[in-house]
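Notes follow once the structure below has been shown.
The values are calculated or read from the model by the stated rules, or taken from the named source; none is laboratory data. Quick caveat: nothing in here was measured; it's all calculated off a predicted structure. Cβ sites come from the backbone with ideal geometry, for glycine too, and all protein chains shown count toward neighbours.
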Amino acid sequence: MGREGSFIQRAAPRSDGDGDVPRSVCERVAAGQICSLILLPGGSDAPRTFEREIIACLGTPTCRLRSLDLRRVDVPPLDDLFDIRVVDVLAPTLEEVRIIGRGDRPLGALPPTIGGLRSLEVLVVRGELPAGLLEGEIPPQIGKLKRLRNLHLDENALVGPIPLTLAECPDLINVNLADNELTGRL
(Lines give C-alpha, C1' and ligand atoms only; values in the text may rest on other atoms or scores of the structure.)
Protein backbone atom coordinates (compact mmCIF):
# COMPACT_ATOMS: atom_id res chain seq x y z
CA MET A 1 0.00 0.00 0.00
CA GLY A 2 3.09 2.16 0.14
CA ARG A 3 2.12 4.40 3.07
CA GLU A 4 4.79 5.56 5.45
CA GLY A 5 4.75 3.51 8.62
CA SER A 6 2.75 0.65 7.17
CA PHE A 7 3.97 -2.82 7.98
CA ILE A 8 3.59 -5.78 5.66
CA GLN A 9 3.45 -9.29 7.06
CA ARG A 10 3.76 -12.38 4.91
CA ALA A 11 2.73 -15.56 6.64
CA ALA A 12 2.02 -19.15 5.79
CA PRO A 13 -0.11 -21.64 7.69
CA ARG A 14 2.33 -23.69 9.73
CA SER A 15 2.60 -27.44 9.74
CA ASP A 16 4.29 -27.84 13.13
CA GLY A 17 1.08 -28.56 15.01
CA ASP A 18 1.38 -25.36 17.08
CA GLY A 19 -1.31 -23.27 15.44
CA ASP A 20 -2.08 -22.60 11.83
CA VAL A 21 -1.16 -18.95 11.50
CA PRO A 22 1.70 -17.93 13.78
CA ARG A 23 0.17 -16.47 16.94
CA SER A 24 2.42 -13.44 16.76
CA VAL A 25 0.94 -12.56 13.36
CA CYS A 26 -2.63 -12.70 14.67
CA GLU A 27 -1.67 -10.70 17.75
CA ARG A 28 -0.03 -8.00 15.63
CA VAL A 29 -2.98 -7.82 13.21
CA ALA A 30 -5.38 -7.56 16.14
CA ALA A 31 -3.25 -4.82 17.75
CA GLY A 32 -3.24 -2.75 14.57
CA GLN A 33 0.50 -3.23 14.02
CA ILE A 34 0.14 -4.95 10.64
CA CYS A 35 -1.43 -2.95 7.81
CA SER A 36 -1.01 -5.47 5.01
CA LEU A 37 -1.41 -9.21 5.51
CA ILE A 38 -0.41 -11.65 2.79
CA LEU A 39 -1.11 -15.30 3.53
CA LEU A 40 0.78 -17.73 1.33
CA PRO A 41 0.51 -21.51 1.27
CA GLY A 42 2.69 -23.46 3.68
CA GLY A 43 4.11 -26.89 3.02
CA SER A 44 2.02 -29.59 1.44
CA ASP A 45 1.09 -30.90 4.88
CA ALA A 46 0.12 -27.49 6.27
CA PRO A 47 -3.23 -27.56 8.07
CA ARG A 48 -6.17 -25.86 6.42
CA THR A 49 -7.97 -24.79 9.55
CA PHE A 50 -6.50 -21.32 10.02
CA GLU A 51 -9.81 -19.71 9.17
CA ARG A 52 -11.05 -19.37 12.77
CA GLU A 53 -7.78 -17.73 13.80
CA ILE A 54 -7.69 -15.23 10.94
CA ILE A 55 -11.37 -14.31 11.35
CA ALA A 56 -10.75 -13.74 15.08
CA CYS A 57 -7.79 -11.47 14.20
CA LEU A 58 -9.84 -9.43 11.74
CA GLY A 59 -12.76 -9.03 14.12
CA THR A 60 -10.72 -7.35 16.86
CA PRO A 61 -11.72 -3.68 17.36
CA THR A 62 -8.09 -2.52 17.24
CA CYS A 63 -7.44 -4.15 13.84
CA ARG A 64 -6.43 -1.55 11.23
CA LEU A 65 -5.75 -3.78 8.25
CA ARG A 66 -5.56 -1.99 4.88
CA SER A 67 -4.79 -4.95 2.63
CA LEU A 68 -5.75 -8.63 2.85
CA ASP A 69 -4.15 -10.93 0.28
CA LEU A 70 -4.96 -14.63 0.43
CA ARG A 71 -3.03 -16.48 -2.27
CA ARG A 72 -3.61 -20.12 -2.98
CA VAL A 73 -4.56 -20.95 0.57
CA ASP A 74 -7.84 -22.48 1.61
CA VAL A 75 -9.97 -19.47 2.37
CA PRO A 76 -12.92 -19.54 4.76
CA PRO A 77 -16.38 -19.21 3.22
CA LEU A 78 -16.97 -15.54 2.40
CA ASP A 79 -20.02 -15.37 4.69
CA ASP A 80 -17.62 -16.10 7.56
CA LEU A 81 -14.71 -13.99 6.33
CA PHE A 82 -16.98 -10.97 5.81
CA ASP A 83 -19.16 -11.56 8.85
CA ILE A 84 -20.87 -8.33 9.90
CA ARG A 85 -18.62 -8.09 12.99
CA VAL A 86 -15.50 -8.25 10.81
CA VAL A 87 -16.94 -5.79 8.27
CA ASP A 88 -17.76 -3.29 11.02
CA VAL A 89 -14.14 -3.37 12.23
CA LEU A 90 -12.52 -3.25 8.79
CA ALA A 91 -14.86 -0.72 7.15
CA PRO A 92 -12.78 2.39 7.95
CA THR A 93 -9.41 0.98 6.87
CA LEU A 94 -9.60 -1.98 4.46
CA GLU A 95 -8.73 -0.79 0.94
CA GLU A 96 -7.77 -3.98 -0.84
CA VAL A 97 -8.89 -7.63 -0.82
CA ARG A 98 -7.25 -10.16 -3.11
CA ILE A 99 -8.27 -13.80 -2.96
CA ILE A 100 -6.52 -15.83 -5.61
CA GLY A 101 -7.29 -19.29 -4.47
CA ARG A 102 -6.99 -22.90 -5.11
CA GLY A 103 -8.56 -24.99 -2.39
CA ASP A 104 -11.00 -27.78 -2.95
CA ARG A 105 -14.24 -25.97 -2.28
CA PRO A 106 -16.02 -22.89 -3.60
CA LEU A 107 -16.31 -19.89 -1.29
CA GLY A 108 -20.02 -19.45 -1.83
CA ALA A 109 -21.64 -16.21 -2.88
CA LEU A 110 -20.24 -12.74 -2.37
CA PRO A 111 -22.16 -11.71 0.78
CA PRO A 112 -24.24 -8.51 0.93
CA THR A 113 -22.08 -7.40 3.87
CA ILE A 114 -19.31 -6.63 1.35
CA GLY A 115 -21.13 -3.33 0.77
CA GLY A 116 -20.15 -2.28 4.29
CA LEU A 117 -16.43 -2.11 3.42
CA ARG A 118 -16.71 1.58 2.58
CA SER A 119 -12.93 2.11 2.12
CA LEU A 120 -12.52 -0.77 -0.34
CA GLU A 121 -10.73 0.26 -3.55
CA VAL A 122 -9.66 -3.13 -4.96
CA LEU A 123 -11.64 -6.38 -4.91
CA VAL A 124 -10.12 -9.38 -6.68
CA VAL A 125 -11.58 -12.88 -6.25
CA ARG A 126 -10.55 -15.48 -8.78
CA GLY A 127 -9.90 -19.15 -8.46
CA GLU A 128 -8.30 -22.12 -10.06
CA LEU A 129 -11.14 -24.52 -9.35
CA PRO A 130 -12.85 -25.86 -12.45
CA ALA A 131 -15.97 -23.89 -11.49
CA GLY A 132 -14.22 -20.93 -9.84
CA LEU A 133 -14.36 -19.76 -6.24
CA LEU A 134 -17.50 -17.62 -6.27
CA GLU A 135 -21.00 -18.78 -7.07
CA GLY A 136 -24.40 -17.15 -7.06
CA GLU A 137 -25.21 -13.55 -7.89
CA ILE A 138 -23.23 -10.36 -7.35
CA PRO A 139 -25.12 -8.57 -4.56
CA PRO A 140 -26.52 -5.13 -5.37
CA GLN A 141 -24.83 -3.83 -2.20
CA ILE A 142 -21.61 -3.74 -4.21
CA GLY A 143 -22.83 -0.33 -5.37
CA LYS A 144 -22.18 1.00 -1.85
CA LEU A 145 -18.43 0.73 -2.45
CA LYS A 146 -17.99 4.37 -3.47
CA ARG A 147 -14.17 4.17 -3.48
CA LEU A 148 -14.00 0.95 -5.54
CA ARG A 149 -11.59 1.38 -8.46
CA ASN A 150 -10.77 -2.19 -9.51
CA LEU A 151 -13.21 -5.10 -9.53
CA HIS A 152 -12.02 -8.49 -10.79
CA LEU A 153 -14.47 -11.35 -10.31
CA ASP A 154 -13.49 -13.22 -13.46
CA GLU A 155 -13.13 -17.00 -13.76
CA ASN A 156 -15.89 -17.83 -11.29
CA ALA A 157 -19.37 -19.36 -11.36
CA LEU A 158 -21.33 -16.14 -10.97
CA VAL A 159 -24.82 -16.06 -12.47
CA GLY A 160 -27.65 -13.62 -12.94
CA PRO A 161 -27.73 -9.96 -13.85
CA ILE A 162 -24.81 -7.59 -13.50
CA PRO A 163 -26.04 -5.26 -10.74
CA LEU A 164 -27.13 -1.87 -12.00
CA THR A 165 -25.76 -0.48 -8.74
CA LEU A 166 -22.22 -0.77 -10.15
CA ALA A 167 -23.03 2.54 -11.84
CA GLU A 168 -23.08 4.05 -8.33
CA CYS A 169 -19.33 3.42 -7.92
CA PRO A 170 -17.95 6.73 -9.25
CA ASP A 171 -14.27 5.73 -9.10
CA LEU A 172 -14.67 2.34 -10.81
CA ILE A 173 -12.25 2.23 -13.75
CA ASN A 174 -11.30 -1.42 -14.16
CA VAL A 175 -13.86 -4.25 -14.22
CA ASN A 176 -13.33 -7.86 -15.25
CA LEU A 177 -16.33 -10.18 -14.97
CA ALA A 178 -15.29 -12.55 -17.79
CA ASP A 179 -15.85 -16.29 -17.68
CA ASN A 180 -19.05 -16.17 -15.63
CA GLU A 181 -22.70 -16.67 -16.59
CA LEU A 182 -23.72 -13.04 -16.06
CA THR A 183 -26.30 -11.14 -18.07
CA GLY A 184 -26.69 -7.46 -18.81
CA ARG A 185 -24.32 -4.63 -19.58
CA LEU A 186 -21.88 -2.52 -17.67
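Computed values, structure above
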| item | result |
| --- | --- |
| Residue ID - modelled with the lowest pLDDT, chosen from residues in region 49-65 that are surrounded by fewer than 15 Cβ atoms within 10 Å (Cβ to Cβ) and part of a loop (DSSP other than H, G, I, E, B) | Thr49 |
| Test: residue in region 105-120 that is over 28 Å from Pro61 (Cα atoms) and out of contact with any His (no Cβ under 9 Å at 6 or more places or on another chain) | yes |
| Residue identified as at pLDDT 75 or above and outside any loop (DSSP other than H, G, I, E, B) among Val25, Val87 | Val87 |
